[in-house]
Amino acid sequence: MNEVSDRKLAQLNTLMELTALVNSTLDTHEVRKRAIEAATRLVNAEAGSLILKDKENNELFFEVALGDKGEKVKEIRLKKGEGIAGWVTEKGKPVIVHDVQSDPRFFRGADDRSEFFTRDMICVPVKTKEEILGVLQTINKKEGNFDNEDMEILCALANQVAVAIENANLYEELKDTFHGTAQALAETIEKRDPYTGGHTKRVMNYSLAIGRMLGLNRTELENLKLSAILHDIGKIGVKDSVLLKDGKLEAGEIEAMNLHPKYGSEILSHVKQLKDVIPGMRGHHEKYDGTGYPDGLKSSGIPLPARIIAVADTFDAMTTDRPYRKARTADDAFDELKKNAGRQFDPLVVDVFLKAWPEIRRGEKEMEIVL
């Protein structure tokens, strides 16, 4: 009896520890990964899956699967009601299956695709008061058999996972709304100048390609993306007579135009959540040799996002038509970037951009086919 009580206490302590871990992030991918790690550890299983419902068509998909064969399993989709997971989703009830291979509900495609043999499993619904979000599965008990205590503790974890998923989804929706608003603001600037259509989106894509190749983490890429989207937001403070001039700018007009990074940082400073975005936006016209503006920063003193956007922005400016000149070819623009590496641009960023270009072009061509 004491052995059972000790096991129960150990499971409850582990549940509390893992619940805190699952709920400590608002990153949807991280929530899902931690949920599986928690489930497999909690009931001593070989592998697990968090199978979520696609709201558009009610299909289930393996968003995350851990274990030796997990990477293959995560791509599988189940039609409504298909598999043990589909049954649990429809009924809203947990189930232990001791002989999975003999169960008529079992979807064999998962084992076939992953070369994994499923002996037994627990499958519990992940649900809120309003809806079932999916199911949490643990597969193949390492020692002994899954029992009702395992199922109860997994149900308790699933309830917490549901809360974490809802919070993460809400955060993602808010973030998407925020990004959409930022994009709309950037496009408002573009509408003032017919020659810069699509500029913001291209600079964002080029910048993210460079950032990914440099190994920036998710948060750094997120800030880089927003900095690139908003890099010209300060142009809202530049007079039309300067911004839309059909020809080269005179000295005084250049000075007025050069104030746009400063205007942009002043505008964004009113939104405290953008404090980590401002340096990349403000510094995208700084030069590697210290002769840029608005702060005369030099080499590594220029924030990395700004050094990245400087290359992306200049390349796009050179390869698109302007009122006073035709677009240059990509090869000509590459030569210009290389010639000014170490003076205007960070040499490493230029080198990485050149390496990333074939992948960028492939992505652009795929988009053209889709459109």
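Extending 7 Å from the Cα toward the beta-carbon at both L354 and K55 defines two label points whose distance is 4.7 nm. Entry note, the chain: the mean residue ellipticity at 222 nm calculated from DSSP H runs of n ≥ 4, each adding -39500 (n - 2.57), is -17500 deg cm²/dmol after division by the residues and rounding to the nearest 500.
How much length is gained on full extension from E17 to L244, taking 0.36 nm per residue of separation minus their Cα-Cα distance?
75.8 nm
Residue ranges 300-308, 133-141 sort as 133-141, 300-308 when ordered by packing (mean number of other C-beta atoms within 10 Å per residue, highest first). Summing Lys and Arg as +1 and Asp and Glu as -1 over all other residues whose Cβ lies under 11 Å from the Cβ of K175 gives a net charge of -4.
With contacts taken as Cα pairs under 8 Å at a separation of at least 6 residues, segment 204-298 carries a relative contact order of 25 percent. Between 0 and 90 degrees, the angle of helix 148-192 with respect to the longest Cα principal axis of the chain falls at about 20 degrees. Of all beta bridges that DSSP places with both ends in the chain, some 95 percent have antiparallel geometry. If R0 is taken as 56 Å, the Cβ-Cβ distance between N159 and A251 corresponds to a FRET efficiency of 0.25. Between helix 28-42 and the chain there is an angle of about 30 degrees, using the helix long axis and the longest principal axis of the Cα atoms. With contacts taken as Cα pairs under 8 Å and at least 6 residues apart, segment 193-370 reaches a relative contact order of 22 percent.
Just the Kirkwood number for the chain, please: inverse of mean 1/r across all distinct Cα pairs, in Å, one decimal.
When all Cα pairs of the chain are included, the Kirkwood radius is 24.0 Å.
Computed over the chain, relative contact order equals 11 percent, with contacts defined as Cα pairs under 8 Å that lie 6+ residues apart.
What is the calculated FRET efficiency for Q101 to S299, with r their C-beta to C-beta distance and R₀ = 45 Å, to the nearest 0.05?
Details: r = 63 Å, r/R0 = 1.40.
Result of the calculation: an efficiency of 0.10.
Would you please state which residues of segment 226-242 a label at T320 would reach in this model, taking the label point 7 Å out along Cα→Cβ and a backbone N cut-off of under 13 Å? Once the point is set 7 Å along Cα→Cβ of T320, 229-233 turn out to lie under 13 Å by backbone N, inside segment 226-242. Site pair H179 and N145 shows an inter-label distance of 4.8 nm when each label is modelled 7 Å from Cα along Cα→Cβ.
Counting other Cβ atoms within 10 Å as a rough exposure proxy, the listed residues Y288, Y293 run Y293, Y288 from fewest neighbours to most.
A Förster radius of 51 Å, combined with the Cβ-Cβ distance separating H270 from R41, puts the computed FRET efficiency at roughly 0.70. Taking only the Cα atoms of segment 193-370, the ratio Rg/Rh comes out at 0.95, with Rh defined as the Kirkwood radius.
For the pair K262 and K80, the difference between a 0.36 nm per residue extended length and the Cα-Cα distance amounts to 60.1 nm. Between L221 and T291, the contour length at 0.36 nm per residue exceeds the alpha carbon distance by 22.5 nm.
Put in line by how crowded their Cβ is, counting other Cβ atoms within 10 Å and starting with the fewest, I309, I254, I236 read I254, I236, I309. Exposed loop positions in the chain were taken to be GluC sites (Glu not before Pro) whose DSSP state is not H, G, I, E or B and which have at most 13 other beta-carbon atoms within 10 angstrom. Between these positions, the longest stretch is 251-371. On a 0 to 90 degree scale, rounded to 10, what angle separates helix 2-22 from the longest Cα axis of the chain? Roughly 20 degrees between the two axes.
Kindly put H285, H98, H270, H231 in sequence by how many other C-beta atoms sit within 10 Å of each C-beta, fewest to most.
If I rank by nearby Cβ atoms, fewest first, I get H270, H98, H285, H231.
Quick note: the coordinates plus some simple rules give every number you see, no bench work behind them. Since we're looking at a predicted model, the values are computed, not measured. Cβ sites come from the backbone with ideal geometry, for glycine too, and all protein chains shown count toward neighbours.
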